[in-house]
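Report on one structure; see the data block that follows.
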């Protein structure tokens, strides 16, 4: 083989090698995808995962399976995702627990919230409501603040556990309103409603799907929303910020993440397909009816959002000296 022929053969060989990754990228996905939900079935995180999984199954032509791995405030499920191969075949649902508060609540987490994950997209924002038992005899946020200041520590509030979204939301409220109230943690927000509805505890900040039904039924008073602006579902209910605590905002949220170092072509495809699924009219309606607001943004935006939420959680946890149960 002469020098020119050898050079041509070498160039063709290099081109063939360079083409392999491109071919592999076009082939994704070629086997089942799993979505890890770090909580029990039946909640909003589970609903979002299953609705998206169904659409991905239809669009990508591979099985998309939802696996519930609850435990340790979401740590078990999050660790499963973090330690999986970064090939696009394992996704996870991120939440304020797994990707904000847990980093500052637990010392034995075997994952780094930022370094061990690839943000894919923020799925939904879950607005929260400040509700009180009627026996408290307050009708708005200013009256609640006045009552708490008049009797420091005399008002108890419920949450789904130390470090939960409900806990952090109320601690932020206390910090910004200059009030003192007693925290009563339960094992999940649903468990807290037995005492809240009976009046044994007087207040809670919780997501719409849980707090709105007893509020609409008159068993609790809805005082305000924790969102930045009024909600379309409750236009008559003011925000906490406009009710005497300027600048207050606290929402729960759920998004999609993958293991760190996910190839860009795979990330782009997953982001595009998940965003498309979230905006399908039937999916968006079911999520809206469940009390959440579809966001569906870019990986960069979600990554920035996670870092901001981590900083917010850190400040609340350190200022309020919150410890995990």
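No value in this document is a laboratory result; all are computed from the given coordinates. Computed from a prediction, not measured in an experiment: that's the story for all the values here. When we count neighbours, we look across all protein chains shown, and the Cβ atoms used for this are built from the backbone with ideal geometry, even at glycine.
Under a Gaussian network description of the chain, with springs only between Cα atoms under 10 Å, the residue in 312, 150, 202 that fluctuates furthest is 150. Dividing the summed helix terms, -39500 (n - 2.57) for each DSSP H run of n ≥ 4, by the number of residues in the chain produces a 222 nm estimate of -14000 deg cm²/dmol to the nearest 500. Using the alpha carbons alone, the radius of gyration of the stretch 128-243 stands to its Kirkwood radius in an Rg to Rh ratio of 0.92. Taking other Cβ atoms within 10 Å as a rough exposure proxy, 84, 30, 243 sort from fewest to most as 30, 84, 243. For the stretch 214-252, the residues whose amide N sits under 16 Å from a probe point set 7 Å from the Cα of residue 143 along the beta carbon direction are 218-225, 237-238, 243-244.
Could you tell me the relative contact order of the stretch 128-243? Use alpha-carbon pairs under 8 Å, at least six residues apart, and round to a whole percent.
Answer for the stretch 128-243 is 38 percent.
Note on the chain: with a GNM built from Cα contacts shorter than 10 Å, the maximum mean-square fluctuation among 268, 108, 87 falls on 108. Pairing the Cα long axis of helix 3-27 with the longest principal axis of the chain, what angle in degrees results, from 0 to 90 and rounded to the nearest 10? So the inclination is approximately 30 degrees. Of 156, 95, the sequence from fewest to most neighbouring Cβ atoms within 10 angstrom is 156, 95. For the chain, the relative contact order works out to 25 percent when only alpha carbon pairs closer than 8 Å and six or more residues apart are counted.
Nearest 0.05, what FRET efficiency do residue 175 and residue 229 give at R0 = 25 Å with Cβ-Cβ as r?
On the way: r = 22 Å, r/R0 = 0.86.
Taking R0 as 25 Å, the efficiency between residue 175 and residue 229 is 0.70.
Sorting 158-169, 214-225 by average packing, meaning the other beta carbons within 10 Å per residue, from highest down gives 158-169, 214-225.
Going through (1) 75, 47, 40; (2) 66, 47, 32; (3) 96, 40, 32, the figure that equals Cα extents along the principal axes in Å as computed for the structure here is (3). Angle of helix 165-177 to the longest C-alpha principal axis of the chain, folded into 0 to 90 degrees and rounded to 10: 60°. Seen against the Cα atoms of the chain and their longest principal axis, helix 44-60 is set at about 20 degrees. When each of 298, 121 is scored by the number of other beta-carbon atoms lying within 10 Å, the sequence from fewest to most is 298, 121. When the chain is treated as a GNM with alpha-carbon contacts under 10 Å, the residue of 280, 249, 67 showing the greatest mean-square fluctuation is 280.
Can you compute the FRET efficiency between residue 307 and residue 242 using 1/(1 + (r/R0)^6), with r the Cβ-Cβ distance and R0 = 25 Å? Round to the nearest 0.05. Taking R0 as 25 Å, the efficiency between residue 307 and residue 242 is 0.35.
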